[in-house]
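Just so it is clear, none of the values below were taken in a lab; they were calculated from the coordinates. Model, not experiment: these values are computed from the prediction. We place every Cβ from the backbone using ideal geometry, glycine too, and count neighbours over all the protein chains shown.
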Amino acid sequence: MKMNKSMQLKNQLLSGLDFTQMKIFFSVLTFILLFSVKDLSAQGTLIVSGIVKEKGTDVGLPGVNITLKGSPDRALGSTKANGSFTVTVPANSRLKFSIIGFETREVNAAKTLNVVLNPDVSTLNDLVIRGFVTKTRDLSSGSSVKISGDDLQQVPVSNAEQLLQGKVAGLNIQVNTGAPGFRGSVLLRGLSNVDVNASSTGNDADAFLSPTSPLYVIDGVPTDVDPATADSFNSFGGASPLSLIPQEDIANIEVLKDAQATSLYGSRGAYGVILITTRRGMSAIPRLRYTTNFFISTPPKLRATIGGKAERDLKLQQVLQYGSFRDINSLLNSTAALVDSLNPYYSNSTNWQDIYYGTTYNQTHNIGVEGGDKSFNYKTNFGYYKETGIQVNTGVTRFTLSNNFEYKPSSKISLFALVNGSIMDRKKGNGVGLLNTGVARSAAASSLLPGPSLFLASNDALANLNVDNSNPTKNLKTNLEFTYYPIPGLTLRTTGSYDIVNSVDYTFTPAIANTQQAAIQYFNDTRKTLYNRNLISFTKSLKSGHDFTIFGFNEVYFKKYQANDLKQVGLSSDYYLGPFGFVSGASSTRGAGLRAYSNLRAVSFAGSFSYNYKRKYVFDASYRMDATSFSGVDDPYTRSPSVGLRWNMERENFFSDWKWLAYSALRLTWGKNITPTGNIFTVYGTYNPNGTYNGQSRITIDQALLPNKNLGSAEGTTYNLGYDLGLFNNKIQLTFESYYRAVDRQARTLALPNMVGFDNVLSNEVSIRNWGNEISLTLRPLPLNSKVNWSFTINGAMNRDMLTRLPGGVQQIVIGGTVLRVGRNALSNYIYENTGVYANQSNVPVNPVTGLPLRQGGSGGGYFQAGDPIFVDRNGDYIINDQDDRSVIGNSQPIYTGGFATTVSYKNFSLSVNGSFTIDRDIMNTAIAERLVMTGNPFGTQAVLPLTGLDFWTKPGDIAKYPNPYNYTRAVLVAPFRTNQSLFMEDGSYFKINAVTVGYTLPKELANKLRLNNLRIYLTGDNLATFSRYSGPNPENVTALGFDNSGGYPLARRYTVGLNLEL
Amino acid sequence: MNIKNIRFYLILVLVLTGTGCKKFLEVESIERFSGNRYWKTGADVEAFTIDIYARLWDKLSNSCFWPAAGEFRLGEIRSNTAVAGVTSFQSNDQNRRVVYDYLAKNDMKAVVYGIAANSPWLTNGSSPRTFNTILAFNFVANTNWTDFYRVIQEVNIMYDEVNKGIPGLSDSDKQRYLAEAVFIRCLTYFIMVRIYGDVAYYTDANHSTPLGREKFVSVLNKCIAELEPVKNNLPWKYEDPALNGVRANRGGAISLLMNMYMWNAGFDEANKSGYYEKTAALGNELIQSNQHTLIPIEETSRIFLGGTSESLIELKESSAFASGSNLFYKSAFPGEPVVLTKHEENGTTTHLHYKKAYIDFLFGSVSDYRADMIQNRDQENGRFALSKFEGPVSVLGFPDWGLILFRYADAVLLQAEALANLGRDGEATAMVNMVRMRANATALSGLVGQDLKDEIFKERGRELLGEGYRFFDLVRTRRILDPKWSSNPLSIDQFNRGAWTWPIDPAARDRNPFMTLNDYWF
């Protein structure tokens, strides 16, 4: 009989002499020779051949896995490129056909088998990952959403994360910068910290909310995705490792939301966990996929500007109408730009915005090769991405090469290895990352000034154009995973990974752009992570229907980070740079030094127990302990427990008649994520050298932070109630979730009274509550055999937060324009309440004691008059001042977020549209404020913007929204257009069409004639339209604290022509 | 694969991962020390102690602290108005020297916050000015006590850690460090009490809660109760002579205790005889020890260089070690404004002079070497100088002074004062005569009662002229109320409302509901 089998294999070998089959042959041979050959000879055999097709089409499905059912199951191979297969099996056996994306089918073996597979649309059969172990969704009590990599291919982007916008209920992504290679803000289920940092510039709009990014696990390895050195917006360091993954290489992304799902990731999973899996080879036929995109980025509509003579006339008109005698008589005469119209220096109409913003043409290329079978598969992906920013002197170029392979020499051993290398070079221009103050300032220059040239224009303008910035990030990621299955049900797996990220931020500023002093700055940082995880898992199914899975693992990290910085100013020339030039004066060099350093080790132990009875009743429990070298040695562990329950109702007998009910499941979970808030330095204090005293060295305790030995851990407790429903053969699928999260004992620095001698103490007394509901609905209303396929998905999330405690029991903390007030939404605006404009002088309140009208406080403050804004005088002292008269108003965080996606396909054409929305959010419209402020100084060198369409006061009796912008004399006296007033607080709700894609797939026959397997071309428009009542430029392009900083990098609108082909 | 094998793998996994965890988590940082890794050797304690002294020194030398607190408010000084030829130092700015006149008038608001345009003090079209922009006149810094509390926190932490035990530190060293910590804490509170009055008092390590101000008599009594039992753990002298005077020693501790007793004697009427008794006993102990001497009068200027046997406790950063701008802070020394030094040829002049009437009141016309050390006592043109402060000049032209907080002559005169108050006039006279004889002045005899007390008080004026004692002496003896002793006397009401204190920076009330400021200065 053995002989017989070999003969047949030989025949097969002769019939199709191609390499793949050779490999299949050897693999199968090896497989057979090594293991499980029992009983084959005892029965008769059958040669089964046939074709596997996709339902509704006539297309053969390649790479479908064919398994012989038995105990255990045995892999037989997979289908060829045209979907055909031939296998030899024992008679009377049963075959299983499976491939990802289709429902698995089992049929009895017969000589000729034509199998049709239905596309799998049920989310119930998704494989989900919990604590590095895969299970099916119907046995998971936790909350997660899985997005296929196919849904992330529409728009070429430098960071695939932003494509998740609007796709996951509860994941609030705001693409708040258009700078290529930067990340927007990502919040999962609302705010989890209130770590607001006042800006160093003193500008409220530049204040900064420390990001609490979810934990990203890339191919099973937890990865830090934020730049290691961030100094508010001024981030040094390289691009996020997330943006180093080409979107074409992503197989799927899973977002874990509740504590049951995240607690196995411990303290780092406190803000949610996002799992990213890159593609693996799974096609028996080697496949080559090539994707290319050409895209045009266009700047959004820029603001209109009054140019040339019109600007001069307007400014002159302002001065003549409102100016004092001195302004008209003396100051005007010395302002040459206004009065010397014949001077060629001032006789221009320069379009400054045009100099800095423009349309760019870009392209991406990606080649992926994958192949292999059950015993060996591989993947190689090469990606190239180049995008020139719509703002001058910015852009990003990325090269990636990622490889992995999986080798299973036997059913007991599996080896997976991954090597990814990537380089991403950003150009940040003269900006500092998210803020581009230099460009914003220059782009707002008076049109009367001549355009940039080396002899005429300002430093700013020249710097924006001439600064040479290069910010390359280099990443090498390796990962090796070895799995051993000694007996059925038992898995032993060890994973090791080494990841090194190096980035350089190099900026050369030529002398002309820096007050005749050429300068160079060289920032260099390296982050190395060595990671090991050992996992043991055991699954046992009892005949009686009781299933158990128990697993445990431990993780070990070594993380080293070091950043060096070097800066020299006053190089001898623009041309002689290296090795960092010749510096004549010692005073002009800033020297070099260590900017940041850390050396961290971490150990974790985790265990999980899952039980289900007949897949109806599911119980999950997990426990995890984390310790790091920063947490001190006395009791370094934080402990995160979780419990979850799931009831799959449709499996109950009393529902068995309800054929229309595909599934119905109720889930309830509870879990905690405990995060250490301090480290040994905050607990025991930091001791630093402090110079010398009489030649003896001094060592001092750092008195910026008082040691706090009582510092505990932050505690996030989440309750999650979920309900999943599938109806009518999964034509309708619905998920509803409701959660409540309490974050207690969050750390916050508390300023101390000055009799304490230490400036601050890290206390953990901040408490926040979050609660919300999420809903996702997917509809596929058309019957499966319809020629038109249509799917529609919509999701929405409501999240509310409340601050319930602040350190020291205080009721509020003010940080710039933001206030933390106990008992209301965590981040409110702290601004003057504006109730209109004084129509007449008689409307201005008069202090009955002094007989004087309301006045502006502070030195130089003037009395209010008709045409000035009405600010609420909260303490009734007839003086408007900063300390007493600001109010707590608004909520900078959105309440509702969500999105929708729909795809319609007919024959070879497809159309897909997706969008996202954010509702109920207050934005400070700094942009319009600045627009109005620009008219406040006709003698300045700022541009003037047209104010048409604004309802402003011009003459007594006018009931207007805005004060009189042309009366520039009021600017100094009462600052009518101060940005921190409710006049500029607007509703930032918006609805955005993210992308519209039209695709055409070449008919199979035509493609085959071209010797292609598949060819698809598509057109995509990205960021096409934003619908909003907001009067500023873009309600999304605002800071995390809701300030529309007009200096931000605008979001481009993009049009893409793409091509997908597969050999 | 059988069960045995599974067990083997399980054990292997556990062995590979579970052991040595604590060790694994101990990582030494190369850039900074955490508190749990510090305090391992005696050298750690020493380096931290050095920092405590240095912080106190930094606070007292970063602004015009010592002379502004103890000398300028006397009422007997006036600024020099003469125009100097060359003004190469900030403090020679003639416009700013008027601040001494405001100090003399006890107009602390003007001193601290500057003079507004509508100030009645401004005459003859003078423009408004502030004094706090220049290091040498940075009086506003004196209203902020944070730096003192930084010293106190460090002391408390050091006391706590040393008390817990430091490996390798001998018991005698441990006791000495503990006593040293207590000494510096008491010294700091004493300095604060004299300028702020009531202060927040705490001795616990890592104190974090807000406290209100405690009555200063109580603060000093707590300090005394703490220092008295441990003072004998301090050595009279160190093996390394360089440490004498600059590190806590028994003489310094005794002198600090005497000063604290005498201060409280002035404010705690009911218990004052007890304070005098204690002072007398301590003075006796100090004198009997023979560890300190009055050095010859001709060498007086050597006292201010530091390290003499007359020095009880001092702070000094030698110009040999100091660098950069530290050298400019010499205005912190009481003598600086009144010593012409040897750079007269540069054209610089002294900032201020004592009124001739005051000098005459102190010395009269009798022979006294100390009177001879006053140059041009009747000139107001910048040539008035106290030659006792003359010394070797550092590279920047300043004498290489130490800040002598307490010296032996002060202790001897305090002893005399206490004895006189106890009616032991004979002993008191003997003490005063010790000082007088050193100055080649005629010995006192036959004075009793109030006359003797007044003469002792005058003697303190003569001996300690310009050194930062006089204003405090006037306050604690309440002679500041008497026009005989001060040409700018306070009324009893002013005195009771705290006119002798400094204003306190209003920032003290931030985040501290219990805090109050000195009402007089509102």
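For segment A:247-357, what Kirkwood radius comes out of the mean inverse Cα-Cα distance, in Å?
The Cα-based Kirkwood calculation yields 21.4 Å.
From other protein chains only, count the Cβ atoms within 10 Å of every residue's Cβ in A:680-692, then give the mean.
Mean partner shielding for this stretch: 6.
Run the quick spin-label model on A:SER347 and A:THR292: label points 7 Å from Cα toward the beta carbon, then report their separation in nm to one decimal.
Each label point lies 7 Å from its Cα, and together they span 5.2 nm.
Can you tell me how much longer the chain between A:GLN811 and A:ASP195 gets when fully stretched, taken as 0.36 nm per residue apart minus their C-alpha distance, in nm with one decimal?
Residue separation times 0.36 nm, minus the Cα-Cα distance, leaves 220.1 nm.
What FRET efficiency, computed as 1/(1 + (r/R0)^6) with R0 = 45 Å and r the Cβ-Cβ distance, is obtained for B:SER445 and B:ASN232, rounded to the nearest 0.05?
0.80
Please work out whether chain A counts as rounded, prolate or oblate from its C-alpha gyration tensor, where a ≥ b ≥ c are the square roots of the eigenvalues and a/c under 1.5 means rounded, while otherwise a/b larger than b/c means prolate and anything else oblate?
In terms of gyration-tensor shape, prolate.
Any chance you could run the full-extension gain for A:ASP958 through A:LEU401? It's 0.36 nm times the residue separation minus the Cα-Cα distance, nm to one decimal.
194.0 nm
Before anything else, pin down the relative contact order of chain A: Cα pairs under 8 Å, at least 6 apart, normalised by residue count, whole percent.
Working: 2862 pairs, mean separation 113.9, N = 1063.
Value for chain A: 11 percent.
Can you pull the percent of Cα pairs in segment A:953-1063 with separation above 20 Å?
Value for segment A:953-1063 (Cα pairs over 20 Å): 64 percent.
Whole-Hz Karplus ³J(HN,Hα) for segment B:494-499, in order, using 6.51 cos²θ - 1.76 cosθ + 1.60 and θ = phi - 60°, x for Gly and Pro?
So the Karplus estimates, Gly and Pro as x, are 4, 4, 5, 7, x, 5 Hz.
Given points 7 Å out from each Cα along the Cα-Cβ axis, report the A:ASN875 to B:ALA225 separation in nanometres with one decimal.
Between A:ASN875 and B:ALA225, the simple spin-label model gives 4.1 nm.
Using Cα-Cα distances under 8 Å and only pairs 6 or more residues apart, what relative contact order does segment A:365-423 have, in percent?
In percent, rounded to a whole number, it is 29.
Kirkwood Rh over alpha-carbon pairs of segment A:364-421, then Stokes-Einstein at 20 °C and 1.002 mPa s: what D in µm² s⁻¹, rounded to an integer?
Roughly 159 µm²/s, to the nearest whole number.
Report the gain in length on full extension from A:ASN688 to A:THR902: 0.36 nm times residue separation, minus Cα-Cα distance, nm rounded to one decimal.
This chain segment gains 71.1 nm when fully extended.
Can you work out the Karplus-derived ³J(HN,Hα) for every residue in segment B:472-489? Use 6.51 cos²θ - 1.76 cosθ + 1.60 with θ = phi - 60°, whole Hz, and x for glycine or proline.
Coupling constants for segment B:472-489: 5, 4, 4, 5, 6, 8, 6, 5, 5, 7, 9, x, 5, 9, 9, 7, 10, x Hz.
Over segment B:156-274, what is the relative contact order in percent, taking alpha-carbon pairs closer than 8 angstrom and at least six residues apart? Write out the running numbers ahead of the final one.
Values: 109 pairs, mean separation 29.9, N = 119.
Reported relative contact order: 25 percent.
Can you run the Rg to Rh ratio on segment A:774-910? Use alpha carbon positions and the Kirkwood inverse-distance Rh.
That ratio equals 1.32.
Would you grab the residues whose amide H sits under 5 Å from the one on A:VAL128? Only those 5+ places off in sequence or on another chain, please, with H modelled 1.01 Å from N.
HN-HN under 5 Å from A:VAL128: A:LYS135, A:THR136, A:ARG137.
What FRET efficiency would be calculated for the residue pair A:TYR322, A:PHE736, taking the C-beta separation as r and a Förster radius of 51 Å, to the nearest 0.05?
Between A:TYR322 and A:PHE736 the formula returns 0.30.
Does segment A:856-933 come out rounded, prolate or oblate, given a ≥ b ≥ c as the square roots of the eigenvalues of its C-alpha gyration tensor, rounded meaning a/c under 1.5 and, failing that, prolate meaning a/b above b/c?
Prolate shape, in that a/c is at least 1.5 and a/b is the bigger ratio.
If you wrap segment A:638-739's Cα atoms in a convex hull and average its projection over all directions, what's the area in nm²? Let's see the in-between values first.
Details: hull surface 42.4 nm².
Projected over every direction and averaged, the Cα hull of segment A:638-739 covers 10.6 nm².
With a Förster radius of 51 Å, plug the Cβ-Cβ distance of B:PHE361 and A:VAL339 into 1/(1 + (r/R0)^6) and report the FRET value to the nearest 0.05.
The value I calculate is 0.15.
Hey, any idea what the orientation-averaged projected area of the convex hull of segment B:422-522's Cα atoms comes to, in nm²? Spell out each step's value before the answer.
Numbers: hull surface 36.3 nm².
That works out to 9.1 nm².
Pop a pseudo-label 7 angstrom from the Cα along the beta-carbon direction at both A:LEU1010 and B:LYS458 and give the gap in nm to one decimal.
Going by the 7 Å Cα→Cβ label model, 11.7 nm.
First obtain the Kirkwood hydrodynamic radius of segment A:877-1028 from its Cα pairs, then insert it into the Stokes-Einstein equation at 10 °C and 1.306 mPa s, and state the resulting D in µm² per second as a whole number.
Value of D from the Cα-based Kirkwood radius: 78 µm²/s.
Ratio to report: Rg/Rh of segment A:598-684, with Cα atoms as the point set and Rh obtained by the Kirkwood method; give two decimals.
Looking at segment A:598-684, the ratio lands at 1.27.
Within 10 Å of each Cβ in peptide A:973-986, how many partner chain Cβ atoms are there on average? Round it to a whole number, please.
Neighbouring Cβ atoms belonging to other protein chains average 0 per residue here.
Based on the Cα coordinates of segment A:303-413, what is the per residue volume of their convex hull in Å³?
189 Å³
If each residue's Cβ is checked for other Cβ atoms within 10 Å, how do B:HIS292, B:HIS207 rank with the fewest at the top?
Final ranking by Cβ density, sparse to dense: B:HIS207, B:HIS292.
Given the C-alpha atoms of segment B:139-255, compute the convex hull and give its volume per residue in Å³.
In segment B:139-255, the Cα hull volume divided by residue count equals 120 Å³.
Can you tell me the equivalent ellipsoid semi-axes for segment A:677-816? Use √(5λ) from the Cα gyration tensor, largest first, whole Å.
Working: eigenvalues 599, 61, 30 Å².
Result for segment A:677-816: semi-axes of 55, 18, 12 Å.
Under the classification rounded if a/c is under 1.5, otherwise prolate if a/b is larger than b/c and oblate if not, where does segment B:191-314 fall, given a ≥ b ≥ c as square roots of the Cα gyration tensor eigenvalues?
It is prolate, given that a/c is not under 1.5 and a/b is the larger ratio.
Listing B:CYS64, B:CYS223 from the residue with the fewest other Cβ atoms within 10 Å to the one with the most, what is the order? Spell out each step's value before the answer.
On the way: B:CYS64 30, B:CYS223 25.
In increasing order of surrounding Cβ atoms, one gets B:CYS223, B:CYS64.
If amide H atoms are built 1.01 Å from N in the plane of the peptide, which residues on other chains or at least 5 residues away come under 5 Å of the amide H of A:GLY862?
For A:GLY862, the qualifying residues are A:GLN856, A:VAL974.
Which order results if B:LYS174, A:LYS787 are arranged by neighbouring Cβ count within 10 Å, fewest first?
Values: B:LYS174 17, A:LYS787 9.
Arranged by neighbour count, lowest to highest, B:LYS174, A:LYS787 become A:LYS787, B:LYS174.
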